[in-house]
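Here the structure comes first, spelled out in structure tokens, and everything after it is commentary.
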Amino acid sequence: MFGSLLKRGKVRAAVKNLSADPSAKNYSALARAHAASLQLSDVRKVCEEGLVAFPADAALLRLRDRAETLQREDRVRDLQRLLKAGPRTAYWKELCEIHLRAKCVARAEQVAAEWFRATQAADALCYQARARAERYFSDRRRDDARRALELADQCLARASGDARPLRLQLSIYTRCGAWNEARRALARLLELYPGDPGLEARFRTAAALAGSTRSLDAALREVERTGQFEGDDNQREGESPTASVRPLLKQLAAEERVQGAFFVRGSTALVQGPKGATAERQARGVRELLSTSRAAARRLGLGQALEINLEGDFGVLSISPSSAGAAALWTDEFPSSQHLEDLAVLAGFADQAAADAAGFNYGHETQA
């Protein structure tokens, strides 16, 4: 009882401090006070409110992500218990969705496979295909794309009127540049949604590109070789992640024993620390290291690189890759865990911008 009263007192004090001074530090203090009381929903609310005013604050981002992770783990345990007591489609579906949102695609595919073995449901095949497609979008391995397309075909064989597997196939075709297959998928979608203006516009675009396009196999091989999807460079050049990234990048570069901080995404490179030609040369080196590491990982079937460290007389270069870009830090000695967390936050901005730019979610039937 005494401990509970003490925690409530800390929350009241943190609320009072935040009211007097609505700073990022006081938002973090209030979020931590709620965390001490295990009020995870309150932690998320405070962090989300603080991130509206301070979108690049690393402490708030970490607290929010940690609260989301704990809430997600609690719900996963609940769903696993409910499935043991009495399997239901809604429980399987929610469990798959949770793992997909958390980017745990291997676990999502495993759950969907268990669901299919138990029920033979077409929905289970659809989630298997979604999980494998997400793995392809992350790792660019053509075998993952082929498996996703195969699972989508199996789903269509069981539920021919379901648009989700067609949209998934269309997403793979358009991203790898297989426009003949994209045109056929769009034609089938127009049979389900005749007169849809968005689908008709996309069909005209695919039809115009289909004449000079390469085969699906050649398109998948090219993506695996280069690590680039169709239009990646053009898409990224038009985006401006600098507003969110620059504050944290400056903060990292200003710390003691840090020689430079880098953010690389497509043809965009932001550098704090080195100047002029040195900055340009080092940013180009980070981009080449990232490209080489990804290509080697794809050839060896290792999946996506999560962390790259290069050590030598110059110090340590640590790179945090994401599917759309990377953040890097050049330090005199091995970076602290705090530095590595900040790098992961920076890399996350690249993924978020790419997701926003894609503007197409094959999981929603109402979106054209």
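With the simple spin-label model, which puts each label point 7 Å out from Cα in the Cβ direction, the S215 to T292 separation comes to 3.4 nm.
Taking the Cα centre of region 5-118 as origin, sum charge times position over the Cβ atoms of Lys and Arg (+1) and Asp and Glu (-1), and report the length of that vector in debye to the nearest 20.
Working: 23 positive and 14 negative charges, 80 e Å.
Charge dipole of region 5-118: 380 debye, to the nearest 20.
Measure up K10/K45; K250/K275; K25/K45; K25/K103; K10/K250 against 23 Å on the Cα-Cα distance and list the ones that go over. K25/K103; K10/K250, as the Cα separations exceed 23 Å there.
Averaging the Cα positions of each part gives two centres, and for region 72-122 and region 243-265 these lie 39 Å apart. Each residue of region 48-57 was assigned a 3J(HN,Hα) from its phi angle through the Karplus curve 6.51 cos²θ - 1.76 cosθ + 1.60 (θ = phi - 60°); the sequence is 5, 5, x, 6, 5, 8, 10, x, 9, 6 Hz, with glycine and proline shown as x. Amide H contacts under 5 Å for R214: W179, restricted to partners 5 or more places along the chain or on a different chain, H placed in the peptide plane at 1.01 Å from N. Per-residue 3J(HN,Hα) values for region 105-117, derived from phi via the Karplus relation 6.51 cos²θ - 1.76 cosθ + 1.60 with θ = phi - 60°, read 5, 5, 5, 4, 5, 5, 4, 4, 5, 5, 4, 5, 4 Hz in sequence order (x marks Gly and Pro). Annotation: aspartates and glutamates with alpha-carbon distance below 20 angstrom to K84 (same-chain offsets under eight excluded): E73, D74, E94, E97, E109, E114, D123. Placing a pseudo-label 7 Å from each Cα along the Cα-to-Cβ vector at A85 and R284 gives an inter-label distance of 6.3 nm. In sequence order, region 59-65 has phi-based couplings of 5, 5, 4, 5, 5, 5, 5 Hz under the Karplus curve 6.51 cos²θ - 1.76 cosθ + 1.60, θ = phi - 60°, and Gly or Pro positions carry x.
Computed with a 1.4 Å probe over protein heavy atoms only, the accessible area of K45 comes to about 130 Å².
In region 1-145, a dipole from Cβ-located charges (positive for Lys and Arg, negative for Asp and Glu) runs towards its positive end, and of Q110, L95, A14 it is A14 whose Cα lies farthest in that direction.
Calculated on the Cα set of region 77-179, radius of gyration then Dmax: 13.6, 47 Å. Accessible surface computed residue by residue for region 87-237, with neighbouring protein chains in place and a 1.4 Å probe, gives 46 Å² per residue. In terms of its C-alpha gyration tensor, region 75-124 has an oblate overall shape, because the principal axis ratio a/c (a ≥ b ≥ c, square roots of the eigenvalues) is not below 1.5 and a/b does not outweigh b/c.
Close amide-amide hydrogen proximity is noted between G315 and no other residue 5 or more places distant or on a separate chain, at a cut-off under 5 Å (H modeled in the peptide plane; Pro and chain starts excluded). The accessible area of E230, taken with all protein chains in place and a 1.4 Å probe, comes to roughly 90 Å².
The values are calculated or read from the model by the stated rules, or taken from the named source; none is laboratory data. No experiment lies behind these values; they were computed from the predicted model shown. As a convention, Cβ positions derive from the backbone with ideal geometry for all residues, glycine included, and neighbour counts pool all protein chains shown. In case anyone asks, the SASA skips ligands and DNA or RNA and just uses the protein heavy atoms, side chains included. Shrake-Rupley method; radii C 1.70, N 1.55, O 1.52, S 1.80 Å.
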